[in-house]
1. Hey, any idea what % of region B:224-265's accessible area is carbon plus sulfur with a 1.4 Å probe?
2. What ranking, highest mean first, results for peptides B:203-211, A:120-128 when packing means the other Cβ atoms within 10 Å averaged over each residue?
3. Roughly how many debye, to the nearest 20, is the charge dipole of region B:224-265 about its Cα centre, given +1 on each Lys and Arg Cβ, -1 on each Asp and Glu Cβ, and no other charges?
4. With both bridge residues required to lie in the protein assembly as shown, what share of the DSSP beta bridges run antiparallel, to the nearest 5%?
5. Please report how far the C-alpha centroid of region A:120-148 lies from that of region B:62-76, rounded to the nearest whole angstrom.
6. When the helices in the protein assembly as shown are scored as -39500 (n - 2.57) per DSSP H run of 4 or longer and the sum is shared across all residues, what 222 nm value do you end up with, to the nearest 500 deg cm²/dmol?
7. How many Cβ atoms of partner chains, on average, are near each residue of B:96-106 if near means within 10 Å of its Cβ?
8. Over region A:88-128, with the other protein chains present, what is the accessible area per residue in square angstrom, probe 1.4 angstrom?
Amino acid sequence: MNAKALRIGIKRGWTEHTHLLKTRKELVGTLLGTVGVFAALTLWMGDSVIEGTGVSRLTFLMVGFLAYTVFGTALMTLPMALVADREEGTLLRLRTIPGGILAYLAGRATTALCQIAVQSALIVATGVLLGGAPLPHDWLTLAWVLLLGTVATVPLGAAIGSVLPSKNAVGIATLPMIALMFTSGVFFPATIMPEALQWIAQTFPLYWQGLGLRAAFLPDTMLAAEIAGSWRLPYVAAVLAAWTAAGMLLAPPLIRRVTRRESGSRLAARQLAAQRS
Amino acid sequence: MSTAVSVRGLRMSYGTAEVLRGVDLEIRQGEIFTLLGPNGAGKTTTIEILEGFRKRSAGEVSVLGTDPDKGTDAWRARLGIVLQNWRDHARWGVRELIVHLSEFYDRPHDPDELLAAVGLTEQGGQQIARLSGGQRRRLDVALGIVGRPELLFLDEPTTGFDPEARREFHRLIEKLAADDGMTVLLTTHDLVEAEKLAHRTAILAGGRITVCGTPAELAQAVQAPSRVRWVEDDREQVVTTPDPSRTAWELHRRFDGPVPGLEIRRPSLEESYLELVGRNA
């Protein structure tokens, strides 16, 4: 039963991904939004170089966007989709079906992976073709960091989506994410931040995701801008693995709780409230 | 005939509010059973307890031989559930979603046969968001029965339907129940619908089943007293009585001939039902 539900779920996730590609609003908002902003920045920055390193500012930015894509898709887009599915009754529908919830979660994770893959490819293609950024010199590191970063954040995203009470709350939940985005050293080096902020940033997965990706793309001349002057790849692996474990522990009970609470009358009450407001 | 659903002394409280105060129900296999009651009577609560979506406060419940609180996936696969106001999967295609949900079951209906059965063959390629209200509800029924359930729950399925759509919907349910021998439990607040569709109906009012039986038994049980009017001493007289024929006969004997202004009004089934519900609210 479980293997069958997983298989249906992965197929379901792919179908939902193709739906997103066909919906103009979604396409513009999530896909072209991030990639488009990055393309505009690419053209605006030209080929200015970070002094004394031989690395273009654009390359640094490209890696930042890559880290942000994983983070944003898993921790903002995914929770929002979960909340929307709950409000529209999609979650409840799958609850009425044997193996439905497992398939649903597998589907959501698959859609998130597809979105991350497409956006990452588009960002790197834009950076390389439009801005002359180099391809990664360490493909292996790129692959495991992207994968582990995704695995570390998707369960967390599912947990966040289960806890958020409504669509309105999603906006509030994104504020700390944006704060994290600016302090985590993905768009400018963390070393220019006060030390206290550096410590806070290093407790979250985004910092380590960014660090691992920079290790794959940037030469060692950039190490001067890193905390401790090192790529610290073992730490990257350890911290992302720890977050993976935390997400895996946290997500299932929260998801069970929120699906157990779904029922027809709850759905009806929510729709009534939405009509009134 | 064996039993599909059996409920004894079902109670449900939300905080201090007691919604169900001891409901007893017995639904036989293969029958169309309606749970009739005004809005807020606890119909949805009852059906959600039977579906395993809500934990009861007290009582014994067995649905297809299983306690819904302990329902497994294998048990769930034998149920079909159609809720009110479903708006899910709006981006999916009609046929696409039927195919997707059919894959969860071992012995599903053929998607195209199902589309034909609910009259949505032409809409098969359409996006669900573009369906009309009636089409959407028929799709919900198709999705509810895609796994060939033994027991189908329909919660207020015809709310907001025009009379023609409602008639068509009734025909669809009758056909499905007859063809597959499926047991159907339907909630409604419309007495006419219950009378038309159900083999048996239970009226839920004030948290209890007040009446349960066939349409004829129902009519007899709920019949409210009739009103007899006549003119006597230049004034209109009114009497309410469960036996208007006897009252009229007594009047005729007293007047020893025609009774001036005699009028007997027997309330309709609908009016009787509303009175019954009002008494128990």
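The values are calculated or read from the model by the stated rules, or taken from the named source; none is laboratory data. Fair warning: this is a prediction, and the values are worked out from it, not measured in the lab. As a convention, Cβ positions derive from the backbone with ideal geometry for all residues, glycine included, and neighbour counts pool all protein chains shown. Ligands, DNA and RNA are excluded from the accessible area calculation, which covers all protein heavy atoms including side chains. Shrake-Rupley method; radii C 1.70, N 1.55, O 1.52, S 1.80 Å.
1. Answer for region B:224-265: carbon and sulfur cover 44 percent of the accessible area.
2. B:203-211, A:120-128
3. 180 debye
4. Of those bridges, close to 65 percent are antiparallel.
5. About 51 Å separates the Cα centre of region A:120-148 from the one of region B:62-76.
6. After summing the helix terms and dividing by residue count, I get -17500 deg cm²/dmol.
7. 4
8. It amounts to 23 Å² per residue over region A:88-128.
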